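J.: Please read through the structure below; I'll follow up with questions.
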């Protein structure tokens, strides 16, 4: 058990520092439909509350912001194979559970439509209109077989940046989440 002084110090470090803003920074690592929906629900809710919001897409999360159309533009056999198996795009996102060869995803999208829940494409448009910053991670593009070029991604994407940019945003944020 830690002495009282050390516990109090640890608690003090968790308090809001002057440089923190009403800002939400999300790191989206997953390319699963339900996780993408959760990320955009949080982002648009925070933006509607007047918070600054940044969404940093990395690894499988890059699929969310890739264009729905497009060929396999990677260099090297391994990257081309990965890109062929992992086409990406918001229309190709699947459920992490109960996908059932696409039937579960189809059912979920039907339920979303019936309950007037926005699609991922609608959420991306809405987020952009609300001032949410969408950022693709350049560091993981190469590993994922994705060309780190603006043309690879949707027009709503603000920029392509590395991990240092994300850490800078996270340091200023009141809330940082990994999804």
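The values are calculated or read from the model by the stated rules, or taken from the named source; none is laboratory data. The structure displayed is predicted, hence computed values, not measured ones. Glycine also receives a Cβ, built like all others from the backbone with ideal geometry; neighbour counts cover every protein chain displayed.
J.: Can you name the residue in region 86-105 that is exposed (fewer than 14 other Cβ atoms within 10 Å of the Cβ) and touching a helix residue (DSSP H, G or I) at 6+ places or on another chain (Cβ under 9 Å) and, of all such residues, is nearest to residue 63 (Cα to Cα)?
T.: So, considering only residues that are exposed (fewer than 14 other Cβ atoms within 10 Å of the Cβ) and touching a helix residue (DSSP H, G or I) at 6+ places or on another chain (Cβ under 9 Å), the one nearest to residue 63 (Cα to Cα) is 91.
J.: Here's a follow-up. Only residues that are surrounded by 13 or more Cβ atoms within 10 Å (Cβ to Cβ) and either modelled with pLDDT of 80 or more or out of contact with any helix residue (DSSP H, G or I) (no Cβ under 7 Å at 6 or more places or on another chain) (or both): list them for region 74-85, please.
T.: Once the filter is applied, which keeps residues that are surrounded by 13 or more Cβ atoms within 10 Å (Cβ to Cβ) and either modelled with pLDDT of 80 or more or out of contact with any helix residue (DSSP H, G or I) (no Cβ under 7 Å at 6 or more places or on another chain) (or both), region 74-85 yields 79, 80, 81, 82, 83.
J.: Something else about it: Looking at residue 36 and the list (1) at pLDDT below 80; (2) closer than 22 Å to residue 143 by Cβ; (3) assigned to a helix (DSSP H, G or I), which single condition is not satisfied?
T.: So the condition that residue 36 fails would be (1).
J.: If residue 53 satisfies every condition in (1) buried (at least 23 other Cβ atoms within 10 Å of the Cβ); (2) under 8 Å from the mean Cα position of the chain (by Cα) but one, which is the exception?
T.: (2)
J.: Read through the list (1) over 16 Å from residue 30 (Cα atoms); (2) touching a strand residue (DSSP E or B) at 6+ places or on another chain (Cβ under 8 Å), then give the number of the only condition that residue 62 fails.
T.: Going through (1) over 16 Å from residue 30 (Cα atoms); (2) touching a strand residue (DSSP E or B) at 6+ places or on another chain (Cβ under 8 Å) one by one, residue 62 breaks only (1).
J.: Report those strands (runs of 3 or more DSSP E) wholly inside region 77-179 carrying at least 3 residues which are closer than 19 Å to residue 51 by Cβ and either touching a residue at least 24 places away in the same chain (Cβ under 8 Å) or under 18 Å from the mean Cα position of the chain (by Cα) (or both).
T.: Result: 133-137, 173-178.
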